[in-house]
Amino acid sequence: MSEINFRQLVGVAPRSQGVAPEAWLEIEEWAGGSLPIDFKEFVELYGEGLTRGHLYIPHPYGEEPLLRFMENGRRSFGRIARHFSGELGGAAFDPASVVPWAYSNWDGDQCFFVPTGGAAWRILLVFRQMACVRFYDFEFSEFIAGVIAGTALPPGWPDLGPVWKPVDGSLL
């Protein structure tokens, strides 16, 4: 895992509360494996917030708890995956194994972790308005650092600010 200081990258103090190990255990049992450590670290520090003004990343104790977000997102992926069967056909994974971790409220794009076997995960973005999918073979921290810095934004994603802000009305 890349050593990234999320607090330095985001530029504001963490606002989120920690997550009990039991909550992560429940989420990871549902996900079918241990989620990336850097993802869990970011969620614990900055989850239930918007990155770059549009990328919503939930928290296990958020208004929409992470596990419920993941369950809903997996069902959504199941409905739309058939539209991308050609693009997904070469990827060796079960569409029922994807793990949603964020979505863009700008255009409805969805972010998923895809198991690769073992402890590694790939990042899959479903671009709703461009009607395509793209795999990213980055660790979560590398991917989110590029988004936060505005240096590696996926196609069609705006460079809005602020870098991070809590979800309005969030108790976290």
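Nothing in this text is a laboratory measurement; each read-out follows from the coordinates by a stated rule. Worth saying up front: this structure is predicted, and the values here are computed from it rather than measured. All Cβ positions, even for glycine, are placed from backbone atoms using ideal geometry, and neighbour counts span all protein chains on display.
For Arg128, the amide hydrogen comes within under 5 Å of the amide hydrogens of Asp109, Gln110, counting only partners 5 or more places away or on other chains and with H modelled in the peptide plane. With each label modelled as a point 7 angstrom along the Cα→C-beta vector, the Arg82-Glu29 pair spans 3.2 nm.
Our estimate of slack between Phe138 and Asn105, defined as 0.36 nm per intervening residue step minus the Cα-Cα distance, is 9.6 nm. All other residues whose Cβ lies under 12 angstrom from that of Asn72 are scored, Lys and Arg at +1 and Asp and Glu at -1, for a net of +2. Full extension of the chain segment joining Asp159 with Arg75 gains 27.3 nm, where the gain is 0.36 nm per residue of separation less the Cα-Cα distance. Each Cα pair under 8 Å and six or more residues apart adds its separation to the average, and for segment 18-172 the resulting relative contact order is 27 percent.
Backbone amide hydrogens, once placed in the peptide plane, bring Gly49 within less than 5 Å of Ile57, Val167, excluding anything fewer than 5 places away on its chain.
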